[in-house]
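The structure under discussion appears below in the form of C-alpha cells.
The values are calculated or read from the model by the stated rules, or taken from the named source; none is laboratory data. Values in this document were obtained by computation on a predicted structure and should not be read as measured data. Positions of Cβ are backbone-derived with ideal geometry, glycine not excepted, and every protein chain shown enters the neighbour counts.
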Amino acid sequence: MPDPDAVNSLFSRIAGRYDLANRLLSGGVDVFWRRRLVALVGKGRPADILDLATGSGDLAFALCRGLPGARVTGADFCEPMLERARAKQAAAAPRFDAVRFERADAMRLPFPEASFDAVTIAFGLRNLADRPAALAGFRRVLRPGGCLCVLEFSQPRAFFRPFYYFYLKRVLPRLAAFVTGDRGAYEYLAGSIEGYPGHEGIRAELAGAGFRDVRVSRPTFGVVAIHQAWR
C-alpha cells in the first residue's frame with residue numbers, strides 16, 4: 001500500500017505544474033472524464049458534495065460549474081495542492097464561491113456522519129494506504145441514499161493494453177520529466193496505476209464496504225473507470 005508521507009511529498013513537489021502535466025499527459029481527455037463524472041453525480045441533484053483528494057480543485061470547480069446551487073467541499077491532505085486550488089479560486093472569483101477548501105486526510109475524515117449527499121474522488125483512491133478503511137469512511141459521511149462516485153485509472157481493455165502500458169512506462173515518465181522536472185514522481189504514479197485492481201476488483205471492494213447498487217462505466221477503452229455506489 002502507498003506510504004502517506006511519500007504521497008504527500010510527491011504531490012507537494014509537482015503541485016506547481018500539476019495542471020499543465022495533466023492536460024499534456026492525457027491529451028486533454030481528463031477534462032472529458034471529469035465532465036462524465038459531474039453528469040453522473042448531477043442525476044441525484046445533491047446539495048452538499050465532498051470532493052476528496054481534490055488536489056488543485058479541478059473536479060471541485062467542475063462540480064460547482066455543472067451543478068449550480070450545490071455546495072462543494074474540496075478536501076486534501078497536501079497543503080501545496082490546496083494552495084494551488086485556492087489561488088485558482090481567487091483568480092476566478094466570484095465564480096466558484098460555492099466551493100470551500102479544507103485540509104483533511106481521506107483516511108481520517110473530520111466530518112460528522114451523514115454530512116453529504118455525494119462524495120467524489122478522482123485519481124486519488126489508488127494512493128490511499130488502506131482502501132477498505134477509506135471506503136468505510138466515505139460511506140459514513142454520506143447521507144442515506146447518497147452516492148459515492150470514483151474516477152480512477154484502471155486496467156484498459158485487452159486490445160488497447162499493450163499500447164497503454166508502453167505509453168505509461170516508456171513515454172509518460174520522460175514527458176513528465178520535461179514538464180515537471182520530476183520523473184520519479186510519475187514513475188511512481190505509473191506503478192500505482194499498474195498495481196491498482198481492475199474495475200471488477202473495485203466493484204467488489206465497494207460492495208464489501210457496504211455500498212449498494214454498484215455501477216461502472218469505462219470510457220476511453222477502459223483507461224479509466226467511473227464507479228458509482230450508494231449508501
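Consider the range 178-228. How many of its residues are over 27 Å from residue 158 (Cβ atoms), within 18 Å of the chain's Cα centre (by Cα) and part of a strand (DSSP E or B)?
So the answer is 0.
Would you pick out the residues in the range 8-45 that are surrounded by 13 or more Cβ atoms within 10 Å (Cβ to Cβ) and either on the phi > 0 side of the Ramachandran plot or not in a helix (DSSP H, G or I) (or both)?
Those that are surrounded by 13 or more Cβ atoms within 10 Å (Cβ to Cβ) and either on the phi > 0 side of the Ramachandran plot or not in a helix (DSSP H, G or I) (or both): 26, 44.
So the check is Cβ under 6 Å with 6+ separation or different chains; which pairs have a first residue in the range 205-231 that's free of Cβ contacts under 8 Å to residues at least 24 places away in the same chain and more than 19 Å from residue 195 (Cα to Cα) and a second one that's of a type in the set (Phe, Trp, Tyr) and buried (at least 17 other Cβ atoms within 10 Å of the Cβ)?
Here the result reads 212/230; 213/230, each pair linking the range 205-231 to a residue that is of a type in the set (Phe, Trp, Tyr) and buried (at least 17 other Cβ atoms within 10 Å of the Cβ).
Taking the criterion of being more than 23 Å from residue 7 (Cα to Cα), β-branched (Val, Ile, Thr) and either part of a loop (DSSP other than H, G, I, E, B) or modelled with pLDDT of 95 or more (or both), would at least one residue in the range 73-85 satisfy it? Before the answer, list the steps.
Of the residues in the range 73-85, the ones more than 23 Å from residue 7 (Cα to Cα) are none.
There is no residue in the range 73-85 that is more than 23 Å from residue 7 (Cα to Cα), β-branched (Val, Ile, Thr) and either part of a loop (DSSP other than H, G, I, E, B) or modelled with pLDDT of 95 or more (or both).
Applying the selection to the range 46-72, what residues are part of a helix (DSSP H, G or I) and either among the hydrophobic types (A, V, I, L, M, F, W, C) or farther than 24 Å from residue 131 by Cβ (or both)? Step through it out loud before you land on a result.
So the first thing to find is which residues in the range 46-72 are part of a helix (DSSP H, G or I), and the list is 58-66.
Answer for the range 46-72, where residues must be part of a helix (DSSP H, G or I) and either among the hydrophobic types (A, V, I, L, M, F, W, C) or farther than 24 Å from residue 131 by Cβ (or both): 59, 60, 61, 62, 63, 64, 65, 66.
A quick yes/no check of all residues on (1) at pLDDT below 95; (2) among the hydroxyl-bearing types (Ser, Thr, Tyr); (3) over 16 Å from the mean Cα position of the chain (by Cα):
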position: 100; (1), (2), (3): no, no, yes
position: 106; (1), (2), (3): no, no, no
position: 112; (1), (2), (3): no, no, yes
position: 121; (1), (2), (3): no, no, no
position: 132; (1), (2), (3): no, no, yes
position: 145; (1), (2), (3): no, no, yes
position: 152; (1), (2), (3): no, no, no
position: 166; (1), (2), (3): yes, no, yes
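In the range 151-181, how many are buried (at least 20 other Cβ atoms within 10 Å of the Cβ), of a type outside the set (Ser, Thr, Tyr) and in contact with a Gly (Cβ under 7 Å, 6 or more places away or on another chain)?
Selection size over the range 151-181: 2.
Could you list, in sequence order, all residues of the range 210-230 that are touching a Cys at 6+ places or on another chain (Cβ under 8 Å) and of a type in the set (D, E, K, R)? Show your work before the answer.
Initially, the range 210-230 is screened for residues touching a Cys at 6+ places or on another chain (Cβ under 8 Å), giving 226-230.
None; the set is empty.
Go over the candidates 36, 71, 45, 86 one by one and state the one that is touching a Ser or Thr at 6+ places or on another chain (Cβ under 8 Å), of a type outside the set (A, V, I, L, M) and over 21 Å from residue 176 (Cβ atoms).
On the way: 71 fails: touching a Ser or Thr at 6+ places or on another chain (Cβ under 8 Å); 45 fails: touching a Ser or Thr at 6+ places or on another chain (Cβ under 8 Å); 86 fails: touching a Ser or Thr at 6+ places or on another chain (Cβ under 8 Å).
Of the residues listed, the single one that is touching a Ser or Thr at 6+ places or on another chain (Cβ under 8 Å), of a type outside the set (A, V, I, L, M) and over 21 Å from residue 176 (Cβ atoms) is 36.
Okay, residues lined up against (1) assigned to a helix (DSSP H, G or I); (2) within 14 Å of residue 26 (Cα to Cα); (3) of a type in the set (Lys, Arg):
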site: 135; (1), (2), (3): yes, no, no
site: 151; (1), (2), (3): no, no, no
site: 159; (1), (2), (3): yes, no, no
site: 167; (1), (2), (3): yes, yes, no
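For the range 169-188, name all the residues that are in contact with a Lys or Arg (Cβ under 9 Å, 6 or more places away or on another chain) and of a type in the set (A, V, I, L, M).
176, 177, 179, 185
Residue 73: under 23 Å from residue 36 (Cα atoms), among the polar types (S, T, N, Q), surrounded by 15 or more Cβ atoms within 10 Å (Cβ to Cβ) and more than 13 Å from the chain's Cα centre (by Cα), yes or no? Step through it out loud before you land on a result.
Numbers: under 23 Å from residue 36 (Cα atoms): yes; among the polar types (S, T, N, Q): yes; surrounded by 15 or more Cβ atoms within 10 Å (Cβ to Cβ): yes; more than 13 Å from the chain's Cα centre (by Cα): yes.
Yes, satisfied.
Which members of the range 119-133 meet the condition of being of a type in the set (Gly, Ala, Ser) and in a loop (DSSP other than H, G, I, E, B)? Talk me through it step by step, then tell me what you get.
First, the residues of the range 119-133 that are of a type in the set (Gly, Ala, Ser): 122, 124, 129, 133.
Residues satisfying the conditions are 124, 129.
What about residue 106, is it in contact (Cβ under 8 Å) with a residue 40 or more places away in the chain and part of a helix (DSSP H, G or I)? Show your work before the answer.
On the way: in contact (Cβ under 8 Å) with a residue 40 or more places away in the chain: yes; part of a helix (DSSP H, G or I): no.
So residue 106 does not fit the description; no.
Scan the range 195-208 residue by residue and report those that are surrounded by 13 or more Cβ atoms within 10 Å (Cβ to Cβ) and under 15 Å from residue 128 (Cα atoms).
196, 197, 202, 205, 206
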